[in-house]
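The values are calculated or read from the model by the stated rules, or taken from the named source; none is laboratory data. Everything numeric here is computed off the predicted structure, so don't read it as measured data. Accessible surface is based on the protein model in full, side chains and every heavy atom, while ligands, DNA and RNA are left aside. Shrake-Rupley method; radii C 1.70, N 1.55, O 1.52, S 1.80 Å.
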Amino acid sequence: MTRIPPIAAAFFLIAGSLTTGTPALAQAALTATPWRSQAAPATELPPGLDSARLLPGWTDDKGDRVMALELRLQPGWKTYWRTPGDSGLPPHFDWQGSRNLADVTFHWPTPQAIRSGDQLDLGYHDRLVLPFTAHAATPGQPVHIETRIEIGLCESICVPAQLDLAAPPSGTDHDPRIKAAMQSQSQPLPDRPACRVTELDDGMRLSVDLPVPDTGMAAIELPGHPQVWISSAQIDKANRATVEMVAPSGKPFDVDTDDLRVTMIVAPETDPKGFETRGCDPRD
């Protein structure tokens, strides 16, 4: 039987409960009022946010814009990293309102452990500055950025929210907030770890020997295969992380170990420091 990510079931449950209970709250949860980054009244913000905006950043030597999303969360609320875990909702960005934009590269700060009861996910609380590079379709011409963002904002329950943000024109100075967030990215490691791939009835199991001692939390991703669902990583006493992977076919499949990305976080609940490897070497 093909597994369904728990977060999907959780959000359907929340939506159903809100729709049948309090229509006003259901509307806020499912279609949180879109708002602009400039002069948005606090009453229009989705639950859990004090403020949100796009920091204008600067234009680099290649003609690309280096900028960031800034979220300020209310006490007790959190939002999620790109691969949050079994019960988190990763953000989704739609750039259709932008002009002279080829594509976007994110520079994710090392996430923190987010505890919800006995569950640990990866995300951010208090404040998130998420830098990104907006690559110009035509270098030398201004890059105008508008985005629609779908995110999960969670306290005791998760509220899916939609934000419409527009960036001011690019600045000239290198914003220290953006630079600090970029410096907190996970540190790349040069060596590929050993891994083991085995078949399951409806997918694959992958185990990776983590090269960073005392890894507190880990995430395993296949960036080139976003359709593959990957469970939260379980780390054993041998410092080995194991995940289960399910493709849309619900059957075993060939795992592209060259595409694998492994993020390891030391002290995720106190002072997180991240490390990252690309690819792994299969062993028997």
Expressed in angstrom and rounded, the centroid-to-centroid distance over alpha carbons for the stretch 60-92 and the stretch 182-232 is 20 Å
Note to self: with every protein chain in place and a 1.4 Å probe, the stretch 88-210 gives an accessible area per residue in Å² of 49 Å²
In the stretch 153-202 the accessible area split gives carbon plus sulfur, as whole percent at 1.4 Å, a share of 51 percent
Note, the stretch 166-178: 3J(HN,Hα) by Karplus (6.51, -1.76, 1.60, θ = phi - 60°), whole Hz, Gly/Pro = x, goes 10, 8, x, x, 4, x, 10, 8, 6, 5, x, 5, 5
Spelling it out for Lys273: with amide H atoms placed in the peptide plane at 1.01 Å from N, the residues 5 or more places away or on another chain with amide H under 5 Å from its amide H are Val266
Long-range alpha-carbon pairs in the stretch 116-258, meaning those over 22 Å apart, account in percent for 60 percent
Amide H contacts under 5 Å for Asp50, restricted to residues at least 5 apart in sequence or on another chain and with H modeled in the peptide plane, are Arg72, Leu73, Gln74
Long-range amide H partners of Gly279, meaning residues 5 or more apart or on another chain whose placed amide H is closer than 5 Å, are Leu260, Arg261, Val262
Ranking Arg283, Arg261 from most to least accessible area with a 1.4 Å probe gives Arg283, Arg261
Counting only protein heavy atoms and leaving out ligands, DNA and RNA, the solvent-accessible surface of Cys158 at a 1.4 Å probe, in Å² to the nearest 10, equals 20 Å²
